[in-house]
Amino acid sequence: MSAKLYLSGNLELPGDKSITHRALILSCFIKGEMLVEGALLSQDILSTIRGVRALGLKIKISGAGPSKHTNLLIRGGGIETIALGKKPFVIDAGNSGTTMRILSGMLAGRLGVFSFDGDASLKQRDMSRMLDPIVSMGGQVTYQGTAGKAPFTITGGNLTGGEFDLDVNSAQVSTALILAGLSAQGKTSVSTKAKIRDHTTRMMTHLRLPFESENDGLKITVEPLQGDLRARDLQVPADLSAASFFMVATLLLEGSEIELSDVGVNPGRNLIIDVLKAMGANIEITNERNFGLEPVVDLKVSYTGSLNATNIEAEHIPRGIDELPIIALAMAFAKGDSTVHGAAELVEKESDRLSLIVQNLKLLGVEVTRNGSTFTVHGTGAIKSGAAPKTGVWTTAGDHRLAMMGQVAKLVTHGEFEVEQPECVDASYPGFMIDLRELTCED
Ligand code: S3P
């Protein structure tokens, strides 16, 4: 008989990835010094830091080591100093789609020649979703390899604003176009059809950068920025996406109880809480407050026994896009069938997450049926002892979220399978394995 494992303790989570990227990139518009407390420091963030440093921002990094509450002291000389005298300018965004898309948008209206490249995964991803609109604003984009993909070069400047009704509910694309609009002539409007994370406009409000919001925040309009922004310190909430792996592990491992503090619950990305609660999860939410303009809470999560099945409708997918892999793992051990509708965007991530969710759950002996972008997880009702595979490989394709999902799957099933490329968690959570081991207790 193997020892009983459970999670217990109070976990200090890393800072929010989306907010840290935005703090760094929006700092290109500030003149002065801004302290960003509780930021994330991960490989993706280092890609953005390298990018904005090369553009001329001065950044001092201090704090408690990788991934834990890093402080960034950012000094900006104002937007006119960005990329001054540096041509051509090359940005290697590594694995980070957020770095590539948002920085492209910010730079498209600036004078200069900006070349973007990334790792093998990023080179596969569609960049035309933000570059086509930029071209329609008058931006000049050339592709060095395949059209619509990195590597590409933007010759910036002379943009004219436009109205964009996005087909894809993407916060990265929306942010790229909003930031391009700040350096374009006339107004730029960006609309999405569903609610997305609105970290960008919350940070714009924090930095007193004006914009118009209509249709319950689905349509944002900006005008060209007049002058620089004044620096204003910022506190970054803990990352809910990072929290999600520990939440699901706790729900599934008998005897577990964890506390997570200062967790960001932006309404455009809090689907995981709604879904797990609908499944009957034991989650207590307390201490609701704001860090700047971002809502944060403390969470207490306890083992719940077998969860109920639930469905997710397509309109809610953007609010949980990064958590769908770990949500699928919770569904795998729920009572009955759970269907996720219209999850096509999962294919556009660091890997084809849709195919790999199906493939990896099969390794656990869980059936998943897929019909295009909709999939149904046939929950087993409970984790049966002895059902865990002794051998086999959990395929990650170098995707950090699939690797973290795999580590949780391995822990809760007592599996002995191998999680491929475990080090890829460094993209968003370098201390993930240390934290998981630290919380894991044995009876
Ligand atoms: C992000 C938006 C989402 C998300 C990504 C971070 C952001 O991507 O998956 O991890 O910070 O704006 P999409 O914009 O492609 O939906």
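Overview of values
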{"quantity": "Exclusive hit being within 21 Å of the chain's Cα centre (by Cα), of a type in the set (Val, Ile, Thr) and in the same structural domain as ALA334 (by TED's automatic domain parsing), set ILE258, ILE272, ILE285", "calculated": "ILE272"}
{"quantity": "Residue match in region 283-292 (condition: buried (at least 21 other Cβ atoms within 10 Å of the Cβ) and either at pLDDT below 95 or not aromatic (Phe, Trp, Tyr) (or both))", "calculated": "no"}
{"quantity": "Which listed residue is touching a strand residue (DSSP E or B) at 6+ places or on another chain (Cβ under 8 Å), in the same structural domain as ILE220 (by TED's automatic domain parsing), more than 15 Å from the ligand (Cβ to nearest atom) and more than 24 Å from PRO318 (Cβ to Cβ), from ASP165, ASP119, ASP92", "calculated": "ASP92"}
{"quantity": "Hey, LYS349 surrounded by fewer than 23 Cβ atoms within 10 Å (Cβ to Cβ) and more than 22 Å from ASP167 (Cβ to Cβ) or not", "calculated": "no"}
{"quantity": "Within region 18-54, considering residues that are farther than 19 Å from VAL263 by Cα and of a type in the set (D, E, K, R), the one nearest to the ligand (Cβ to nearest atom)", "calculated": "ASP44"}
{"quantity": "Residue in region 55-76 that is touching a Gly at 6+ places or on another chain (Cβ under 9 Å), of a type in the set (Val, Ile, Thr) and within 16 Å of the ligand (Cβ to nearest atom) present", "calculated": "no"}
{"quantity": "Filtered residue count, region 142-171, keeping only those that are among the polar types (S, T, N, Q) and outside any loop (DSSP other than H, G, I, E, B)", "calculated": "4"}
{"quantity": "Complete set of residues in region 1-10 that are of a type in the set (A, V, I, L, M, F, W, C) and either surrounded by fewer than 20 Cβ atoms within 10 Å (Cβ to Cβ) or within 12 Å of the ligand (Cβ to nearest atom) (or both)", "calculated": "MET1, ALA3, LEU5"}
{"quantity": "Total residues in region 67-83, condition under 23 Å from the mean Cα position of the chain (by Cα) and surrounded by 16 or more Cβ atoms within 10 Å (Cβ to Cβ)", "calculated": "7"}
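The values are calculated or read from the model by the stated rules, or taken from the named source; none is laboratory data. The structure presented is a predicted model; accordingly, all values stated were derived computationally and were not measured. Because the Cβ atoms are built from the backbone with ideal geometry, glycine has one as well, and the counts that use them run over all protein chains shown.
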